[in-house]
Structure formats: structure tokens, C-alpha cells
1. Those residues that are β-branched (Val, Ile, Thr) and surrounded by fewer than 19 Cβ atoms within 10 Å (Cβ to Cβ), I need them from region 76-91; list them, please.
2. So residue 33 fits all but one of (1) touching a strand residue (DSSP E or B) at 6+ places or on another chain (Cβ under 6 Å); (2) without any contact (Cβ under 8 Å) to a residue 40 or more places away in the chain; (3) within 15 Å of the ligand (Cβ to nearest atom); what number is the exception?
3. Could we say that residue 47 is out of contact with any Gly (no Cβ under 8 Å at 6 or more places or on another chain), without any contact (Cβ under 8 Å) to a residue 40 or more places away in the chain, within 13 Å of the ligand (Cβ to nearest atom) and among the hydrophobic types (A, V, I, L, M, F, W, C) here?
4. Could you tell me which residue of region 50-69 is nearest to the ligand (Cβ to nearest atom), considering only residues that are within 10 Å of the chain's Cα centre (by Cα) and of a type in the set (Gly, Ala, Ser)?
5. What residue, among those in region 2-30 that are in contact with a Leu (Cβ under 7 Å, 6 or more places away or on another chain) and over 20 Å from residue 52 (Cα atoms), is farthest from the ligand (Cβ to nearest atom)?
6. How about region 42-63: which of its residues are buried (at least 16 other Cβ atoms within 10 Å of the Cβ) and of a type outside the set (Gly, Ala, Ser)?
7. Looking only at region 70-93, decide whether some residue is touching a Ser or Thr at 6+ places or on another chain (Cβ under 7 Å), more than 17 Å from residue 16 (Cβ to Cβ) and either among the aromatic types (Phe, Trp, Tyr) or more than 13 Å from the ligand (Cβ to nearest atom) (or both).
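Read-outs: derived from the displayed coordinates by stated rules, not from any lab. Since the model is a prediction, treat every value here as computed from it, not as a measurement. All Cβ positions, glycine included, derive from the backbone under ideal geometry; neighbour counts span all protein chains shown.
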Amino acid sequence: MEKYNDLAAAACKVRLNSHSPYSGFRVGAALLGKSGTVYLGTNVENASFGLSICAERTAVFRAVADGETEFQAIAICADGKQPTPPCGACRQVLVEFGPQMIVLTVGEEGLDGPVIHSTVSDLLPEAFRNFQQTEDSTQ
Ligand code: THU
């Protein structure tokens, strides 16, 4: 989608700021808020491996901390020629803020390489949602 070209380019650019000395795998994310603001994220690893965080969640948490909780799209750009779709944990965090959010995934060649275009609900069907917020909850 041409509309999201800049978002993909921003994700590829911010990927270069990744702190990933342990995996050597750099990931960048650019999250487009309903307001039009773009929130950037990279994966940030730690010597205590389990403390590492993915690029997608870094971007979402930055946005939420800035007061934005509704999003149009997220672009994800990772090392390697093939696009790397978001991990399960990131899918669950993204669905919290909108199953219809567009997810554009590219490899290090950006839009010159292969692109996977989907939505969060495509990537995480039947997602867990807080039952108290589910319209058809009978509990
Ligand atoms: N990673 C992400 O940033 N996003 C994903 O969706 C999958 C994995 C990061 C976490 C870790 O720093 C590195 O990639 C290798 O797993």
C-alpha cells in the first residue's frame, strides 16, 4: 500500500538503532497513530536475555505513554531478505489496541523486497480479550 511507504522506510531506518548484541538480529517498527503521529521502536536486548523486548512492543509502549491508544498501521522491518512477521507476544499486545490495525512487514530491502500485508486479526484470530470488555460476555 503506497500510503504506508513512508512508514516502512521509517521502520527500516530505526532498525539501525536496535540494541541487539546477543542475537545480532535488528528489528525496527513504525506505528502510525490515528492522530497521524508515528511512534518508532527497536528491539532492545539485555545481558539477562529474558529482559529483552521486541521492536513492536517498544513502539506501542512509547505511543501509549504519549497518550495515543488508537492506531492505523504498523510497519515492521527486520534483518534478512524475507519479512519477519511479529512474534506471538507482540500480536497479543497489538490486538489490545485494534484487531483491524494494518500490519506491513518487510525485510531489510524495505519495499524493494517482499512485503507481507495483513491485519492484526489475520495474524491472531480468536485472540484473548478481557472478558469484561467483550460485548457478548455472559459472565
Ligand atoms: N524480535 C522483535 O523485535 N520482534 C519480533 O516480532 C520477533 C523478535 C526481536 C527480539 C530479539 O531481540 C530478536 O528479535 C531475536 O529474537
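1. 84
2. For residue 33, the failing item is (3).
3. Taking the combined requirement at face value, the residue satisfies it.
4. Across region 50-69, the extreme among qualifying residues is 55.
5. Step by step, filter region 2-30, then rank; the result is 5.
6. Within region 42-63, 42, 43, 44, 45, 53, 54, 56, 57, 58, 60 qualify.
7. no
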